[in-house]
1. Restricted to the range 164-178, and to residues that are touching a helix residue (DSSP H, G or I) at 6+ places or on another chain (Cβ under 6 Å) and not in a helix (DSSP H, G or I), which residue is surrounded by the most Cβ atoms within 10 Å (Cβ to Cβ)?
2. I'd like to verify a number: residues in the range 55-96 that are surrounded by 19 or more Cβ atoms within 10 Å (Cβ to Cβ) and outside any helix (DSSP H, G or I), how many?
3. In the range 123-153, what count of residues is obtained for those that are free of Cβ contacts under 8 Å to residues at least 12 places away in the same chain and part of a helix (DSSP H, G or I)?
């Protein structure tokens, strides 16, 4: 049962992280790409492309040969990569958003956070408190947060204007889930 759950989650994580058609990088145990560097070198799209490159390093790890504790840590680090980017995008959005839209945007973000936490809890419950639970929760958190980065990025692009922007199909699919 755990092997099927693990294989299923790994497939979901690979699909969730495969947006933008980036070339795959090599496996690594550390895959950080600070968004502050990407911010200074181009568009929001370019910034997210750089985060995708760092994300690909996680996606391409040899997950099947890792002990569970290492898998849990790497999954948490993968989520942190996207969570840090989300926080960076959010901070800039709050600086640039039209004041008339700010309150509603904050309210919608709070609602999204509640839904995200519910989905994370549900994903982890499949492991019934076992050692796989942190891995399942981090994987779901990464998947949802990655998609939200693209959404918040679109709001930021709209607020600052003047650049092309595309949300990958797989992120759009997550954004439209119920």
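1. First, pick out the residues of the range 164-178 that are touching a helix residue (DSSP H, G or I) at 6+ places or on another chain (Cβ under 6 Å): 165, 167-168, 170-171, 174-175.
If we keep only those that are not in a helix (DSSP H, G or I) too, we end up with 165, 167-168.
On the way: 165: 14, 167: 20, 168: 18.
This residue is 167.
2. Here the count works out to 1.
3. Applying the first criterion (free of Cβ contacts under 8 Å to residues at least 12 places away in the same chain) to the range 123-153 yields 125, 128-129, 133.
Now drop any that are not part of a helix (DSSP H, G or I), which leaves 125, 133.
Of the residues in that region, 2 qualify.
A short reminder: the numbers here are calculations on the coordinates, not readings from a lab. Values in this document were obtained by computation on a predicted structure and should not be read as measured data. When we count neighbours, we look across all protein chains shown, and the Cβ atoms used for this are built from the backbone with ideal geometry, even at glycine.
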